[in-house]
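The values are calculated or read from the model by the stated rules, or taken from the named source; none is laboratory data. The structure displayed is predicted, hence computed values, not measured ones. As a convention, Cβ positions derive from the backbone with ideal geometry for all residues, glycine included, and neighbour counts pool all protein chains shown.
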Amino acid sequence: MKLIIAAIKPFKLEEVREALTTIGVRGMMVTEIKGFGSQSGHTEIYRGAEYAVNFVPKVRLEIVVSDALAEPVVETIRTTAKTDKIGDGKIFVLDVENAVRVRTGEINDDAL
Ligand SMILES: Nc1ncnc2c1ncn2[C@@H]1O[C@H](COP(=O)(O)OP(=O)(O)OP(=O)(O)O)[C@@H](O)[C@H]1O
Ligand SMILES: [Mg+2]
């Protein structure tokens, strides 16, 4: 299993969620965060104004999927969250050791 962590622009959340659902993602965590990338937030536009501070609001997605679904998830986020402007986000992929569905005790791929 893989954990995909992605920082995306907040207004892209619904479109990305819908696209991921379509390719078979059945769960995710969503957190409102602030962050910065290679421009340190300085020149990035958010809601029409240049953001005055170093941190820009983003949405963080955490998605655990089977190994087979990892690449499609990355590609779907990449193509859906893309606006061709700076600050479109970043995607990280990590290995996951175990997963457990609390209600049933199912583990790993069956727990996703
Ligand atoms: N190296 C990193 N580690 C952890 N999070 C990061 C890293 N780089 C970017 N992020 C997160 O991703 C968000 C978006 O980054 P961003 O898209 O601005 O990256 P970038 O490298 O500056 O690319 P671009 O030049 O397209 O803006 C940041 O606000 C931050 O939350
Ligand atoms: Mg940037």
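Does region 22-44 include one or more residues that are within 15 Å of ligand 2 (Cβ to nearest atom), assigned to a strand (DSSP E or B), basic (Lys, Arg) and surrounded by 16 or more Cβ atoms within 10 Å (Cβ to Cβ)?
Filtering region 22-44 for residues within 15 Å of ligand 2 (Cβ to nearest atom) gives 33-44.
Add one more test, that the residue is assigned to a strand (DSSP E or B), and what stays is 33-35.
Cutting the leftovers down to basic (Lys, Arg) gives us 34.
Cutting the leftovers down to surrounded by 16 or more Cβ atoms within 10 Å (Cβ to Cβ) gives us none.
Looking for residues that are within 15 Å of ligand 2 (Cβ to nearest atom), assigned to a strand (DSSP E or B), basic (Lys, Arg) and surrounded by 16 or more Cβ atoms within 10 Å (Cβ to Cβ), one finds none in region 22-44, hence no.
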Pairs where the first residue, in region 37-64, is at pLDDT below 75 and the second is among the charged types (D, E, K, R) and near ligand 2 (Cβ under 10 Å from one of its atoms), C-beta under 8 Å, 6+ apart = 45/85; 50/44; 51/44
Hits in region 80-112 (condition: surrounded by fewer than 16 Cβ atoms within 10 Å (Cβ to Cβ), without any contact (Cβ under 8 Å) to a residue 60 or more places away in the chain and outside any loop (DSSP other than H, G, I, E, B)) = 100, 107, 110
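Looking at region 56-93, which of its residues are farther than 16 Å from residue 25 by Cβ and under 16 Å from the mean Cα position of the chain (by Cα)?
Going residue by residue through region 56-93, those that are farther than 16 Å from residue 25 by Cβ are 56-58, 82-90, 92.
Those that are farther than 16 Å from residue 25 by Cβ and under 16 Å from the mean Cα position of the chain (by Cα): 56, 57, 58, 82, 83, 87, 88, 89, 90, 92.
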